[in-house]
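Encoded as structure tokens, the structure appears first; notes follow it.
Please treat every number below as a calculation from the coordinates, not as lab data. No experiment lies behind these values; they were computed from the predicted model shown. Methodologically, a virtual Cβ is constructed for each residue, glycine included, from the backbone with ideal geometry; neighbour enumeration extends over all protein chains shown.
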Amino acid sequence: MDRTKTIVRTGIIGIVANLILSAFKAFVGIFSNSVAITMDAVNNLSDAMSSIITIIGAKLSAKEPDKKHPFGYGRIEYMSAVVIGVIILYAGITSLIESVKKIIHPEVPDYGVPALIIVAAAIVVKIALGLFTKKTGEKVDSDSLVASGKDALNDSIISTATLAAAIIFITTRLSIEAYIGVIIAFIIIKTGYETLKDTISELLGERITHEMSKEIKHVIRSVDGVKGVYDLVVHNYGSESLMGSAHIEVDDTMNAVQIDRIEREIAKKVFIEKGISMTGISIYSSNTNDEAAKEAHLKIRELIKDYPDVLSTHGFYMNSETKEIRFDLVLNIEAKNKFETYAAFLKRARELYPDYDVDIQIDYNFSD
């Protein structure tokens, strides 16, 4: 399946559907003097513009990596989603202003059967379009399409509210459509805000999910010779460009040839099974058949109970000949006094083994 072609095809369907709906609603809204239907038409027009930007973003993000951007152009999709969020937000604010004007200076709407039929048809179209776009977006891992699908489903709720306002006016002569227009505007604004918030979060770099971390570590541990996996980090350069790094623990009796085989096998398996390029695999050596080292490791781990911000230790190695102890201390990334905690833990560890050079590196829980 060509991901870009799928996104473009889905985007074109969205553009055509929204333009048709926008044109009919604008015509009906203007001639029936309905601000709610007119604002709904504006919303459909912004949806069509969003689809155009989604297509452009998908095309540009599919460009091949080059010297200046060796990790590709995948993040352009996130940037296009930011533009979509701004457009939606602007449409919502504009709709809000117009609706408030109608509340201050009310005008009596003139609904007819064609108006009701068009709004009812729009509800059906938006539900179908929303479900199709969202499902396709999930299938090809496109945040822009998923957002567009959710937006279309929200639009079906908006159109339902507009239809309800029309029916209420026809049956009771009570005009509430300007107030419905305010509600619609706030829904549009909320959608725009959430789109911006989620996309900017992606651009900043989000922590990978617990499930993804668990799955990647399981693949790495399945390689013969790997005793542990730590410090997993995955960088997102677009849905089809994920770069990862990790530390693995191996026996201290292994040679360079054996470690090289393990690293190559890990890189191959992770890429085939998870689509992630492992750009860095670092090594921790583990004491083999050393009871003194095992006892020392247990004592160090016992200290964790006294420090709530210390999550774990790993990469422990004790060399009795050179009198060295080294390991990583994993701190909660949200801890307030990280370095004070580190200094206190280091002091306690050195007090336990005053004859050893105790070297502790700080790590954070970048992933589960």
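List of remarks:
- Taking LYS305, LYS59, LYS68 as the candidate residues, the one with maximal mean-square fluctuation in a Gaussian network model of the chain, Cα springs under 10 Å, is LYS68.
- For the chain, the membrane-span-like helix rule (DSSP H, alpha carbon extent of at least 15 Å along the helix axis, mean Kyte-Doolittle at least 0.5) picks out 3-31, 35-61, 76-104, 113-140, 143-172, 177-204; this says nothing about an actual membrane.
- Shape of region 210-364, Cα gyration tensor, a/c cut at 1.5: oblate
- Note on the chain: with a GNM built from Cα contacts shorter than 10 Å, the maximum mean-square fluctuation among SER95, SER285, SER46 falls on SER285.
- Under DSSP loop assignment and at most 10 Cβ neighbours within 10 Å, longest GluC sites (Glu not before Pro)-free interval of the chain: 1-320
- Region 22-92: chymotrypsin sites (Phe, Trp or Tyr not before Pro) in DSSP coil with no more than 12 other Cβ atoms inside 10 Å: none
- Structure-derived percent of Cα pairs over 30 Å apart - corresponding label in (i) 56; (ii) 46; (iii) 41: (i)
- Measuring r between the beta carbons of ASP290 and LEU203 and using R0 = 51 Å, the FRET efficiency lands at 0.65.
- A straight Cα-to-Cα reach below 16 Å connects LYS5 with the aspartates and glutamates GLU64, GLU77, GLU138, ASP141, ASP143, GLU240, residues fewer than 8 places away in its own chain not being considered.
- Span from the region 111-171 Cα centroid across to the region 309-368 one, whole angstrom: 56
- Among the listed pairs LYS214/LYS299; LYS67/LYS338; LYS197/LYS269; LYS139/LYS269, those beyond 31 Å (Cα-Cα): LYS67/LYS338; LYS197/LYS269
- Panel order for LYS134, LYS336, LYS269, LYS299, by other beta carbons found within 10 Å of each beta carbon, from fewest to most: LYS336, LYS299, LYS269, LYS134.
- Region 205-247 residues near the modelled PHE71 label - backbone nitrogen below 18 Å, point 7 Å along Cα→Cβ: 205-209, 213, 231-247
- Among the chymotrypsin sites (Phe, Trp or Tyr not before Pro) in region 308-348, none is located in a DSSP loop while being surrounded by at most 10 other Cβ atoms within 10 Å of its own Cβ.
- For LEU203, LEU116, the sequence from fewest to most other C-beta atoms within 10 Å is LEU203, LEU116.
- Per-pair calculated FRET efficiency, R0 = 51 Å: LYS214 and VAL124 via Cβ, rounded to 0.05: 0.80
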